[in-house]
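Here's the structure we're looking at; comments come further down.
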Amino acid sequence: MLRIVSLIASASEIIHALGLTPYQVGRSHECDYPPEILPLPICTKPSFPITGNSPEIDRLVKERLANALSVYEVFENELEKLQPTHIVTQTQCRVCAVSLEDVERALAGSLTTRPKLVALEPNSLDDIWSDIRRVAIACGVAATGEEMVFGYQDRMRQMSAEARRAPKKPRVACIEWHEPLMAAGNWVPELIDLAGAQNLFGKPGVHSPWMSWQELVDADPDVIITMPCGFDLNRTRDEMYWLTDHPNWAKLRAVENGEVYLADGNQFMNRPGPRVVESLQILAEILHPAQFEPKLKGIGWEQLNTNG
């Protein structure tokens, strides 16, 4: 019988979409959806407190990586107790979630746990579809995975066709970290394109790049959407001062026109799983309000009041 441990939040969502949640026996500290997995044993934790502000978290992450230290800890004793047949992790980003290297290190001394390691590699939308298929094949439900991918792609094609009928194609800056400034990369530029807009920073399939305030000022975007990795709407709102207190903030066209938006980067934009479809829906609602009913407003996004 399958006994699956997911060490990445998006994998738990893939497992759920495949109908395999009854076989999930453990999770990471970040796996928070669907709600029924919350009572499962937690198998990981961050290597440092994550309650600090944006620059503090950035400093601690860089310090650990510079010293070849992991950002996360894996509880090998817990994995030993759970006796999983499959462990799902990732190779995409050592900062975003537990890595394959972390899991291999945790299993190195184990004599009884010999699970199949399924490593996800989501750098682009195509990679997300491949990861869904990878999990489905590993768990013996390949046909279900193919059906899921087809359904997600079809929904996104329909949304994109509607978005691209819009009369305007706004120039958009997507911000993935407030201090220091980082633009959104990987699949987000693809989502912006599908949403009928022009992405100004970050390249499809490439890790999120650092950016400067001067670059933001020079680009002067029509729309700014901030989506810090790992932050929900409340925490994003709490840390907007890193942007709004900057002397150049008020000069930006998007600020003057009230076209600044907050998106849930934790549940949606930066989570490469089934809800990437909802991420596109969020962008379409923000960028083309005349064509898309704001179904996810207040859940996945909100507009910032830039008038004081």
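Which of the residues that make up the range 244-264 are in a helix (DSSP H, G or I) and aliphatic (A, V, I, L, M)?
Step one: filter the range 244-264 for residues in a helix (DSSP H, G or I), giving 244, 249-251, 253-256.
Across the range 244-264, the qualifying residues are Ala250, Ala254, Val255.
Selection within the range 1-17: residues that are of a type outside the set (A, V, I, L, M, F, W, C) and open to solvent by 20 Å² or more (accessible area, probe 1.4 Å). The member of this set that is modelled with the lowest pLDDT is Arg3. Looking only at residues in the range 269-299 that are within 23 Å of Asn186 (Cβ to Cβ) and free of Cβ contacts under 8 Å to residues at least 40 places away in the same chain, the one that is surrounded by the fewest Cβ atoms within 10 Å (Cβ to Cβ) is Ile299.
With a requirement of 3 or more residues that are open to solvent by less than 10 Å² (accessible area, probe 1.4 Å) and either in contact (Cβ under 8 Å) with a residue 12 or more places away in the chain or polar (S, T, N, Q) (or both), the helices (runs of 4 or more DSSP H) lying completely within the range 188-243 that satisfy it span 188-194. For the range 18-82, the strands (runs of 3 or more DSSP E) that sit wholly inside it and include 3 or more residues that are at negative phi, crowded, with 18+ Cβ neighbours inside 10 Å and at pLDDT 75 or above are 24-27.
The values are calculated or read from the model by the stated rules, or taken from the named source; none is laboratory data. Treat the numbers as computed from the prediction; the structure is a model and nothing was measured. A quick note on method: Cβ atoms are made from the backbone with ideal geometry, for glycine too, and the neighbour counts reach across all protein chains shown. Ligands, DNA and RNA are excluded from the accessible area calculation, which covers all protein heavy atoms including side chains. Shrake-Rupley method; radii C 1.70, N 1.55, O 1.52, S 1.80 Å.
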